[in-house]
Structure formats: structure tokens, C-alpha cells
């Protein structure tokens, strides 16, 4: 349920981010967003973490933060050229990659429920993407690379979170994203002129920064890191495929983006895939037939 809430917050934020980057360039937006988030997390971590926690989480956090920076940079730049719902759909393709990467990098074999759920979710994503009349464009390609980054982030979070403090691991990676985004802003966007302008005082920008910093970053990544201590990466990926569903619903009601019948059917398939991944009956059925085979 916590991961489902994360998916909702991320899906709802697509429209906010697209409105905000009409005034703030992508690197500058992400730098401010993750800087605000990092400040809130540092304040909490200083009270909750022990000295040894920082040492254990430093390198894993830097590595996760670098991957997260690349994924978010590609996603945010991609939103300059594509629609919020299409961005949500393509980002959700990470569900296809996670089970294979988990097997390759972690030697973790996904459950039968997770495999069937992934197939349903992938079919749903195909229908959602087919439901759009727009052709595949530059923004979609950038977002596809973003999906690969998010898949790697889920896999590696599962690897590192077992031995690291949740709050410290989250804090280090968020601060890393803030610093790298700030560097990108200085090199490519000229943040001095931007910050001295009236862009930050635009209502859409201010609201997007506060919501994405506190809810879509601080709270969301803490919940994901905490949840992955006891949840398989493939299940996490399937639950998070609800993100494009929420992105579609929010885009439909907020900016009246067209929603086709195929898109609706795709949303249903993704929802069914998520439910199936949470149901243990397929795993029990597999064990039952395994026992029968041994007896025979």
C-alpha cells in the first residue's frame, strides 16, 4: 500500500513538472527540487542515524544517486518534447527490465506471480502506448533511457538496502542528485539569470517544487528504500507500474488530455498485473505441483 501511494504521487506529479519546466529549465528544476528534499532528509537523519550508518551508506548512496540523477534528467528533459501520460507509460516499461536485471545482477529468480504480473503489466503498457495517436519522438527516446535507469535503481536499491540505514541511504542519494543537477544547471543553463528572474515566484513552479521535493522525493524514496528491505524487486516494479495509470487519470482530469478505449483497457491490465503479483496463490500452486512431481 505504501508503494502504491508512491506510484500515485509520482503519477500525479507529471503534469506539475511539465507546467513548471515551462518556466524553469530541467536541470535547475531538479537541482532545487532535490536540494529542498535533501535538506529535509539531512535534518531527520542527523537525529535518527548513528555515525557508522553514514560510512556504510556513503558509496552505495553515491552510486544510487548518480543513476537516479541520470534517470530524472532524461525524464525531465523528455517532458519538454512529449506528453505527461506518454512519459508515464514509457517510464513504466522498467517493469519489463527489472526481473531480467534481478536475475542477472542479484541471481534472484522472480516468482511465478511476478512473472505473470509483469506480462500483464507489459501488455497494459503496450495498449496504453498504442492508444496514443502521436508518433514516437525524441522525448519518448529520452524517456526510454530513463526507464532503464529506474530499473537499475530498483535492482541496486534491493542490493544495498539490506546492509544500510534506510534514512541515510535515502539522504545520500538525494543529496547526490541535487549536487549533480546543480552542476548540470551551471554548465548548461546559467542558473544565476534564472534564479534572479521571476520564474521561482510563478504559482505553478512554486507548488511543483514543494510537492515534488517533500512528497515525490523525500517521502517517496524513503518509502521505496524501506519497502525494498522485504520486497522483491520484480514486485516493486509491478506495483510502480500504476504510476502511468495515475498519470493518465490525472492528465485526463487536470489538462483534459484525450483518453482512448485502448488506454483504458491498458490501465485495467496494469492494475490486474499489480494485483496478481501480490497474490500468493500462483506460488502455492507451483509448490503443490512440485511436491506431486517428487512423489510421482
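Among the residues of this structure, residue 125 counts as one that is over 19 Å from residue 68 (Cβ atoms), surrounded by 17 or more Cβ atoms within 10 Å (Cβ to Cβ), under 20 Å from the mean Cα position of the chain (by Cα) and at pLDDT below 90.
Number of residues in the stretch 89-116 that are within 18 Å of the chain's Cα centre (by Cα) and assigned to a loop (DSSP other than H, G, I, E, B): the value is 2.
The sole residue among 32, 77, 67 that is more than 24 Å from residue 172 (Cβ to Cβ) and either part of a helix (DSSP H, G or I) or in contact with a strand residue (DSSP E or B) (Cβ under 6 Å, 6 or more places away or on another chain) (or both) is 77. Residue 49 falls short of the stated requirement of being surrounded by 24 or more Cβ atoms within 10 Å (Cβ to Cβ) and more than 30 Å from residue 269 (Cβ to Cβ). Residues in the stretch 10-41 that are under 23 Å from residue 90 (Cα atoms) and surrounded by fewer than 20 Cβ atoms within 10 Å (Cβ to Cβ): 19, 22.
The values are calculated or read from the model by the stated rules, or taken from the named source; none is laboratory data. From a predicted model like this one, the values you see are computed outputs, not experimental measurements. Heads up, the Cβs are rebuilt from the backbone with ideal geometry, glycines too, and the neighbour counts pull from every protein chain shown.
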